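Quick note: the coordinates plus some simple rules give every number you see, no bench work behind them. Predicted model, so just to flag it, every value in this text is computed and none were measured. Cβ placement follows ideal geometry from the backbone for every residue including glycine, while neighbour counts extend to all protein chains displayed.
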Amino acid sequence: MLILYVGIVSIVIFSGKDRKIELNILIYGIIAGIVIEVIGTQVAGYQSFIKPDFAGIPFWLPVSWGYGFILMKRISLIIATGSPWT
């Protein structure tokens, strides 16, 4: 699953015009996802996963968070300018 997500996210990032910006957003989203999910599983205990890979979360989940951050950036640009790239 992780390889599939990384492949999809790589295609999305490298097919766009804002590669450097979106790579930075991806990294920020992955870090934010790790922090939020670790807090949710280890600290607060309000969620759990059947087969966690590290720190109580699956490897693919932070990549999904990073991809979500990229999608939010593109959607906001579409709303503001009509194009997903600046």
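Would you mind ranking Asp53, Asp18 so that the residue whose beta carbon has the fewest other beta carbons within 10 Å leads the list?
Final ranking by Cβ density, sparse to dense: Asp53, Asp18.
Between Ile75 and Arg19, take the C-beta separation as r, use R0 = 25 Å, and let me know the FRET efficiency to the nearest 0.05.
0.85
Taking the chain, how much of its Cα-Cα pair set, in percent, is spaced more than 20 angstrom apart?
Counting pairs separated by more than 20 Å, the tail of P(r) holds 39 percent.
Trp85 versus Ile8, label points 7 Å from Cα toward the beta carbon: distance in nm?
Spacing of the two 7 Å Cα→Cβ label points: 2.2 nm.
Quick one: dipole size for segment 2-81, taken about the Cα centre, charges +1 on Lys/Arg Cβ and -1 on Asp/Glu Cβ, in debye to the nearest 20.
Values: 6 positive and 4 negative charges, 51 e Å.
Dipole of segment 2-81, to the nearest 20 debye: 240 debye.
What ³J(HN,Hα) values, in whole Hz, does the Karplus curve 6.51 cos²θ - 1.76 cosθ + 1.60 give for segment 63-78 when θ = phi - 60°, with x put for Gly and Pro?
Values per residue, Gly and Pro as x: 5, 5, 4, x, 5, x, 5, 5, 4, 4, 4, 5, 5, 5, 5, 4 Hz.
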